[in-house]
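The values are calculated or read from the model by the stated rules, or taken from the named source; none is laboratory data. None of these values were measured; they are calculated from a predicted model. Here the Cβ positions follow ideal geometry from the backbone for every residue, glycine too, while neighbour counts run over all protein chains shown. When the accessible area is computed, the model is the full protein with side chains, heavy atoms only, and any ligands, DNA or RNA have been set aside. Shrake-Rupley method; radii C 1.70, N 1.55, O 1.52, S 1.80 Å.
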Amino acid sequence: MVGDSMCWDGSTPGMQRGIFVVVAEANGEQRWSVRLGDMGFNYGKYGTQLKDGTVIIAGSKSVVDSHSSRMGFSYIEVRVLWRLDVNSGAVLSEATFPNEGKLQGLRDGFMCVTPTTDGTNDVVATGYVGGESNYDPATGEYDDEPMFLIYNGVAFAARYSYSNELHAAPATIFDVRLGLEPDFGYVPMQGMRIHMDAELNKLAVSAAACSGPYDDVWDMQFSLLSVDANTGELAWARRYLTGSASHPYAMTLSPAGDAEPGYIIAGHSMDSGRQPIGRLLKARSSDGAIVWDRSFTDRDDRYWNIECYGVDATLDGGYIVTCGNGPMTVYPWMRDCHQRTWTAFVYRADALGNPLWTANVTNSAELCLSDAGEHIVTARDGGYAVYVDSGTLGKEGTGGNFGLVLLGSDLAAYASE
């Protein structure tokens, strides 16, 4: 599990946000945890495991740069990959990548890193470069915009190869910008997820996209891009409009054996006068055409959000999605804890995206604390591991804990359908 948090206990002087990595045993017991980052804002966005068993962590790191300092920036944010020992969490290597917009205080970061599926010890990665700075020279600090979405950046796709030398930096196979030509109609500003499609020898990249430079209109939308897995050359790109905005936080491939192979994006969309509601979309892998597009909610979406951050394929060909479900604004009439708090919400769908069941996986309302589902993985036995940004799990009385919930398999319930 990977994330970032403000460090209220004073253990990180000079840091506004630190990266935390936690590895748990199969029974949920913590094996180890480590903190990464040295100063300023640091963001831990994704973790994965190489073929050789080592762990790769992707995000952004604040570093001092002498040229940027002369322009008034006390530090800049750069893309970073850490390689960790799976048994101890010891840092084996750290690789940072140049920030070409550093003299303007622009921000770079990884959002996702996943292993290749062609037998190599490589990873593929996406994120943003040249994101807007929102730097305050009076305080010498940036804001925490990269927690979710960052604007006016450009998405990228990259492939890196790790050698058997554990302490060596990865070799860059390619690192290509996905800023499309203006006449294409939109700009992928932030790559969100990336996976290798070995059948097509392509990389599927989901991105938050705008029609042009961000102008205080909340208009990010779902988009997908397909690039060659060996060169990064663009094969196709599509944007999927709905309502006033859609935020594509998660993406996965359809299961092996799918009669119509595709890529599944999960996130949330905003329609006029409504709070965010869940959105689940399947696009055909060959050309990006929509196969189906579903929306879902739980409570009255005039007042309660469904914000979805994780998706995975299930063993029976369906999909499982996790979200946060709660009020953006706590109104005076919201008096009980169910109304006032956020819950970790799970949505189970069949192969066509239709709902099978929904559930809140923690007792946040009973404790009058808030949780949110951030990532979900289908276990080998058909159950589901849900990573929760939690107030109910972890250290009592604090927020932002790393929570892990294991749900049992539901495959037997649908075996005869």
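Take the residues in the stretch 362-381 that are of a type outside the set (A, V, I, L, M, F, W, C) and within 19 Å of Gly408 (Cα to Cα); name whichever of them is surrounded by the most Cβ atoms within 10 Å (Cβ to Cβ). Among those that are of a type outside the set (A, V, I, L, M, F, W, C) and within 19 Å of Gly408 (Cα to Cα), it is Gly373.
Going by the structure shown, is Leu352 assigned to a loop (DSSP other than H, G, I, E, B), of a type in the set (A, V, I, L, M) and modelled with pLDDT under 95? No: the conditions fail for Leu352. Under 16 Å from the mean Cα position of the chain (by Cα) and either closer than 13 Å to Met192 by Cβ or surrounded by 15 or more Cβ atoms within 10 Å (Cβ to Cβ) (or both) - does that describe any residue in the stretch 253-263? Yes: one or more hits. Limited to the stretch 65-112, what total is found for residues that are open to solvent by 40 Å² or more (accessible area, probe 1.4 Å), assigned to a loop (DSSP other than H, G, I, E, B) and of a type in the set (Gly, Ala, Ser)? Summing the residues that are open to solvent by 40 Å² or more (accessible area, probe 1.4 Å), assigned to a loop (DSSP other than H, G, I, E, B) and of a type in the set (Gly, Ala, Ser) in the stretch 65-112 gives 4.
Considering each residue of the stretch 343-361 in turn, at least one proves to be without any contact (Cβ under 8 Å) to a residue 60 or more places away in the chain, among the small types (Gly, Ala, Ser) and either over 14 Å from Ala266 (Cβ atoms) or surrounded by 21 or more Cβ atoms within 10 Å (Cβ to Cβ) (or both). In the set (1) part of a loop (DSSP other than H, G, I, E, B); (2) crowded, with 23+ Cβ neighbours inside 10 Å; (3) among the hydroxyl-bearing types (Ser, Thr, Tyr), the condition left unmet by Ser60 is number (1).
Yes/no per residue for (1) closer than 27 Å to His247 by Cα; (2) among the polar types (S, T, N, Q):
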{"site": "Asn99", "(1), (2)": "yes, yes"}
{"site": "Leu103", "(1), (2)": "no, no"}
{"site": "Met111", "(1), (2)": "yes, no"}
{"site": "Thr126", "(1), (2)": "yes, yes"}
{"site": "Ala155", "(1), (2)": "yes, no"}
{"site": "His167", "(1), (2)": "no, no"}
{"site": "Ala171", "(1), (2)": "no, no"}
{"site": "Val176", "(1), (2)": "yes, no"}
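Within the stretch 142-165, residues that are in a loop (DSSP other than H, G, I, E, B) sit with their Cβ atoms under 6 Å from residues that are open to solvent by less than 10 Å² (accessible area, probe 1.4 Å) and among the hydroxyl-bearing types (Ser, Thr, Tyr), at 6+ positions apart or across chains, in these pairs: Ile150/Tyr128; Gly153/Tyr128. With respect to the conditions (1) in a loop (DSSP other than H, G, I, E, B); (2) buried (at least 17 other Cβ atoms within 10 Å of the Cβ); (3) of a type outside the set (A, V, I, L, M), Asp38 falls short on a single one, namely (2). Just wondering, is there one or more residues in the stretch 280-296 that are open to solvent by less than 30 Å² (accessible area, probe 1.4 Å), touching a His at 6+ places or on another chain (Cβ under 7 Å), of a type in the set (Lys, Arg) and closer than 19 Å to Val205 by Cβ? Checked against the condition, which is being open to solvent by less than 30 Å² (accessible area, probe 1.4 Å), touching a His at 6+ places or on another chain (Cβ under 7 Å), of a type in the set (Lys, Arg) and closer than 19 Å to Val205 by Cβ, the stretch 280-296 yields no hits at all.
Checked against the criterion of being among the small types (Gly, Ala, Ser), open to solvent by less than 10 Å² (accessible area, probe 1.4 Å) and farther than 22 Å from Ser206 by Cβ, the stretch 312-326 has at least one qualifying residue. In the stretch 287-314, of all residues being among the aromatic types (Phe, Trp, Tyr) and not in a loop (DSSP other than H, G, I, E, B), the one that is modelled with the lowest pLDDT corresponds to Trp304.
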